[in-house]
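Everything on this sheet refers to the single structure shown next.
Just so it is clear, none of the values below were taken in a lab; they were calculated from the coordinates. Being a predicted model, the structure only gives us computed values, none of them experimental. Cβ sites come from the backbone with ideal geometry, for glycine too, and all protein chains shown count toward neighbours.
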Amino acid sequence: MEPTKETNGSMTAREMILAAPDLSYETVRVAEWGLTLIVRELTAAQRDDYERELLTEQRNEDGETELHADLHNAKAKLLVKCLWDDAGNRVFTDADAEALGGKSANIVSMLYGVAARLSGLGPKDEEELAKN
């Protein structure tokens, strides 16, 4: 089947896709921190990076390398990629995950729930990581 060549004015389908503002976000007030944050969904590349960060290599008894899920601080590792300020800047770098993991479990879990939902992450994804 031939792909269709729809255009919008002079834009090709490729240009339209790459220009589309398709990242969902929610504004969340965190009273305990005294601020409002934007929780934005992961890009496809960020999701791949996040999932890769949750895997560690281990040698099995045959000496072969296997990947295992390491969910240590997984919530904070996601949040550092998803929290933005109202000026459009990421609040944290990836290196801030350990420090963010030291904050309130209730707040981090609440924000994680929003970020995971927006990014299409769910229990099924965590189970798949743990299996693989």
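Quick notes on this one:
- Inter-site label distance for LEU71 and GLU53 at 7 Å from Cα along Cβ, in nm: 1.7 nm
- Helical content alone sets the calculated 222 nm signal of the chain at -11000 deg cm²/dmol, taking -39,500 (n - 2.57) per DSSP H segment of four or more residues and averaging over every residue.
- Over the stretch 52-103, relative contact order from alpha-carbon pairs under 8 Å, at least 6 apart, %: 27 percent
- Relative contact order (%) - criterion: Cα under 8 Å, at least six apart; region: the chain: 23 percent
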